[in-house]
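All remarks here apply to the structure that follows.
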Amino acid sequence: MKDNKEIKYFDYTATTPVDEDVLNTYINTTKKFFANTTSLHLLGEEAKHMYDKCIDTIKDILGVKKHNLVFTSNATEANNLAIQGIAYKYEKGKIITTKAEHPSVYNTIKSLSDKYEVVYLDIDKNGCVDIEELKKELNSDTILVSIMWVNNILGTINDIKSIIQEVKKYPKCHLHVDCVQGLCKVIPDFDFNDIDLFTFSTHKLYGPKGIGGLFFKENIDLNKRLFGSNAQYSVKPGTLDVSLIAATAKCFMKFYPQTLEMKKIVEAKFRYLYDKLAKMDGIIINTPAFNISYYILNISIPAIKGETMVHMLEAKHIYVSTGSSCSSKLENIEKTIYALTNDKQRALTSIRISLSYLVLDSELDDLINEIQNIINRWLYDTWYNVRYDTN
Ligand code: PLP
């Protein structure tokens, strides 16, 4: 799949390259089903039929029977529509989320805090929501709980099964789960049918950008944030891109059944990387050892800012992600690492290495060697500066 052998890519959590089969589905569908799904003529009907078939395929794969599926431009939009769609049905109420949510959830809920009572749960030392803390906060005023399945900074897996059980005890309360980093990576131990609303993003599943999705139970009447036609239950009106939808269906068809197989490949790569990095001086591993997806290894090199590290690796064609903002202001540091460690320096110096079944063993070695080289160079510079007092 990789064209450029020079590139050693470890930022699969940010986005994935498009799979060849998925791309072919996109190209073929865009050529054949270009008509508007709302047109009354035969071409429109064929496009609509294709759209319906894709929806049925995705729902069948996930086993959801009583959910509507609405396609959005990405998961950010899907999370916004879900959260605002529930919140604005109520004049007041309590919303519970966590300190470790993706900004598309965290900031959406933050924007509602003038009108609603908002609670941000801590994460425990395992990077997960403590169910006892959730139980303490849930009450009859709670209208929404929004908790992600797999964390995008640490790769930790929340206990969605228990969260479902607790939220169920409050009939007014809806559960929204951001499933972006869980789908096709982790075998769920819960039933998607038990979640009121959940979201995904196609470009995280080896599909194209520009499409995500929101599943919501058929009996939920979301407050509408966009106005237009009655397409997609009026939740996301407008002309549909059937080719992006077909590409999404292809991602689910190809990769969902391979979840376990891919996880085994990725887990072996993760363990190799973990063992090598854990032995290096100057590195702190942030991702816990258990209850994780294995797709993300987050580390801190307290001597070197995350942003600096990203660029130093980039110079060697190695691409990782910063776990922290370039700003040193507390409010801009990587909030998930800070929530986990309560350590500003660790949060500022974190980097996220994210994996895929596509990563080659030789690429892992290149990454490990380069991290070691950078640390050695830093140690040498420090030693030199101290010895010769160059400052
Ligand atoms: N939720 C999680 C957990 C994510 O990791 C991301 C993207 O990184 C998103 C939501 C937003 O996805 P999108 O890029 O499709 O808006």
remark   = Out of (1) away from the ligand (no atom under 16 Å from the Cβ); (2) in contact with a helix residue (DSSP H, G or I) (Cβ under 6 Å, 6 or more places away or on another chain); (3) closer than 19 Å to residue 246 by Cβ, the one residue 8 does not meet is (3)
remark   = Requiring at least 3 residues that are within 19 Å of residue 253 (Cα to Cα) and polar (S, T, N, Q), the helices (runs of 4 or more DSSP H) wholly within the stretch 1-99 are 20-32
task = Pairs only if they're at least six apart or on different chains, beta carbon under 6 angstrom, first in the stretch 27-46 and aromatic (Phe, Trp, Tyr), second open to solvent by less than 80 Å² (accessible area, probe 1.4 Å); list them, first residue then second.
result = 33/47; 33/50; 33/242
inquiry  = Conditions first: (1) within 14 Å of residue 313 (Cβ to Cβ); (2) touching a helix residue (DSSP H, G or I) at 6+ places or on another chain (Cβ under 9 Å); (3) of a type in the set (A, V, I, L, M). Residue 340 passes all but one, so which condition is the exception?
reply    = (1)
key: Residue, farthest from residue 125 (Cα to Cα), within the stretch 176-197, restricted to residues that are within 16 Å of the ligand (Cβ to nearest atom) and free of Cβ contacts under 8 Å to residues at least 40 places away in the same chain   = 195
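Every residue, every condition in (1) at pLDDT below 95; (2) within 16 Å of the ligand (Cβ to nearest atom); (3) surrounded by fewer than 14 Cβ atoms within 10 Å (Cβ to Cβ), yes or no:
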{"site": "2", "(1), (2), (3)": "yes, no, yes"}
{"site": "14", "(1), (2), (3)": "no, yes, no"}
{"site": "18", "(1), (2), (3)": "no, yes, no"}
{"site": "23", "(1), (2), (3)": "no, no, no"}
{"site": "30", "(1), (2), (3)": "no, no, no"}
{"site": "45", "(1), (2), (3)": "no, no, yes"}
{"site": "51", "(1), (2), (3)": "no, no, no"}
ask   = What single numbered condition from (1) under 18 Å from residue 334 (Cα atoms); (2) near the ligand (Cβ under 9 Å from one of its atoms) fails to hold for residue 75?
value = (1)
message = If I ask for residues that are within 15 Å of the ligand (Cβ to nearest atom) and closer than 15 Å to residue 175 by Cβ, which ones from the stretch 79-110 would you list?
response = 79, 82, 83, 97, 98, 101, 105, 109
query = Quick one: how many residues across the stretch 143-165 are within 17 Å of residue 120 (Cβ to Cβ) and open to solvent by 10 Å² or more (accessible area, probe 1.4 Å)?
reply = 3
Failed criterion for residue 218 (all others in (1) open to solvent by 60 Å² or more (accessible area, probe 1.4 Å); (2) under 26 Å from residue 126 (Cβ atoms) hold) = (2)
ask   = Among 334, 314, which is modelled with pLDDT under 95 and either β-branched (Val, Ile, Thr) or open to solvent by 20 Å² or more (accessible area, probe 1.4 Å) (or both)?
value = 334
ask   = If you go through the stretch 225-236 one residue at a time, do you hit one that is within 16 Å of the ligand (Cβ to nearest atom) and under 20 Å from the mean Cα position of the chain (by Cα)?
value = no
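Results for (1) under 12 Å from the mean Cα position of the chain (by Cα); (2) acidic (Asp, Glu), shown as yes or no for each residue.
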{"site": "161", "(1), (2)": "no, no"}
{"site": "169", "(1), (2)": "no, no"}
{"site": "178", "(1), (2)": "yes, yes"}
{"site": "184", "(1), (2)": "yes, no"}
{"site": "187", "(1), (2)": "no, no"}
{"site": "200", "(1), (2)": "yes, no"}
{"site": "217", "(1), (2)": "no, no"}
query = If we scan the stretch 82-97, do we find a residue that is of a type in the set (Ser, Thr, Tyr), within 25 Å of the chain's Cα centre (by Cα) and surrounded by 16 or more Cβ atoms within 10 Å (Cβ to Cβ)?
reply = yes
request  = Name the residue, out of 51, 9, that is hydroxyl-bearing (Ser, Thr, Tyr), in contact with an Asp or Glu (Cβ under 9 Å, 6 or more places away or on another chain) and in contact (Cβ under 8 Å) with a residue 12 or more places away in the chain.
outcome  = 9
Any pair with Cβ under 6 angstrom, 6 or more apart, that starts in the stretch 57-78 at a residue that is farther than 10 Å from residue 256 by Cβ and ends at one that is near the ligand (Cβ under 9 Å from one of its atoms) and of a type in the set (S, T, N, Q) = 74/201; 75/199; 75/201; 76/104; 78/72; 78/199
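The values are calculated or read from the model by the stated rules, or taken from the named source; none is laboratory data. Not measured: the values here are computed from a predicted model. A quick note on method: Cβ atoms are made from the backbone with ideal geometry, for glycine too, and the neighbour counts reach across all protein chains shown. Accessible surface is based on the protein model in full, side chains and every heavy atom, while ligands, DNA and RNA are left aside. Shrake-Rupley method; radii C 1.70, N 1.55, O 1.52, S 1.80 Å.
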